[in-house]
């Protein structure tokens, strides 16, 4: 669980890249930390939470809540990204659509990084729920 928690630190540089893409008119502002994307908070807190996991100085329920919040944040921005893309069902970002996902290496964000982030949150949530349930019986 230590590695998966630290892995979320990748979200900080990703958010900086997203901001750069916005300034180059490749994504709408709503996909940045100046818009609706609060995912940067997970990137900032991941090293702190990871260190607390290593030191065994964090309550499992708090770690579970952190993972649930992180999962919600990444799913929220994923939805905004999809709904901002130039697709028949586009809902946001008409003035500056999400065009970055059409180009390498930015296509790797929804193709690899986002699924890895979602997967690690899901696995950690399942593991923590099991551990919390197991310890509550004793």
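Here, each number is a calculation from the coordinates, and none is a lab measurement. Because the structure is a prediction, the values reported are computed rather than measured. Neighbour counts run over all protein chains shown; Cβ positions are idealised from the backbone, glycine included.
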Please work out which one of (1) within 24 Å of residue 111 (Cβ to Cβ); (2) out of contact with any strand residue (DSSP E or B) (no Cβ under 6 Å at 6 or more places or on another chain); (3) crowded, with 20+ Cβ neighbours inside 10 Å is the condition residue 50 fails and give its number. (1)
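Okay, residues lined up against (1) closer than 13 Å to residue 8 by Cα; (2) out of contact with any strand residue (DSSP E or B) (no Cβ under 9 Å at 6 or more places or on another chain); (3) touching a residue at least 24 places away in the same chain (Cβ under 8 Å):
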| position | (1), (2), (3) |
| --- | --- |
| 60 | no, yes, yes |
| 64 | no, yes, yes |
| 73 | yes, yes, yes |
| 90 | no, no, no |
| 98 | no, no, yes |
| 109 | no, yes, yes |
| 124 | yes, yes, yes |
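Check whether at least one residue in segment 8-15 is in contact with a helix residue (DSSP H, G or I) (Cβ under 8 Å, 6 or more places away or on another chain) and more than 19 Å from residue 118 (Cα to Cα), and report yes or no.
Taking segment 8-15 and keeping what is in contact with a helix residue (DSSP H, G or I) (Cβ under 8 Å, 6 or more places away or on another chain), we get 8-15.
Subsequent filtering for residues that are more than 19 Å from residue 118 (Cα to Cα) retains none.
No, segment 8-15 contains no residue that is in contact with a helix residue (DSSP H, G or I) (Cβ under 8 Å, 6 or more places away or on another chain) and more than 19 Å from residue 118 (Cα to Cα).
Go through segment 65-87 residue by residue and tally those that are in a helix (DSSP H, G or I) and over 15 Å from the mean Cα position of the chain (by Cα).
Pass one, segment 65-87, residues in a helix (DSSP H, G or I): 65-84.
Next cut, over 15 Å from the mean Cα position of the chain (by Cα) only: 83-84.
Final tally of qualifying residues: 2.
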Does residue 43 fit the bill of being over 17 Å from the mean Cα position of the chain (by Cα) and closer than 15 Å to residue 18 by Cβ? no
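Within segment 45-60, does at least one residue satisfy the condition of being touching a helix residue (DSSP H, G or I) at 6+ places or on another chain (Cβ under 6 Å) and within 30 Å of residue 24 (Cβ to Cβ)?
Yes - at least one qualifying residue is present in segment 45-60.
Mind listing whichever residues of segment 53-62 are assigned to a helix (DSSP H, G or I) and either surrounded by fewer than 14 Cβ atoms within 10 Å (Cβ to Cβ) or within 15 Å of the chain's Cα centre (by Cα) (or both)? Talk me through it step by step, then tell me what you get.
The first filter runs over segment 53-62 and keeps only residues assigned to a helix (DSSP H, G or I), leaving 53-54, 60-62.
Correct list: 54, 61, 62.
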Enumeration of residues in segment 6-40 that are under 11 Å from the mean Cα position of the chain (by Cα) and either free of Cβ contacts under 8 Å to residues at least 24 places away in the same chain or not in a helix (DSSP H, G or I) (or both): 37, 38, 39
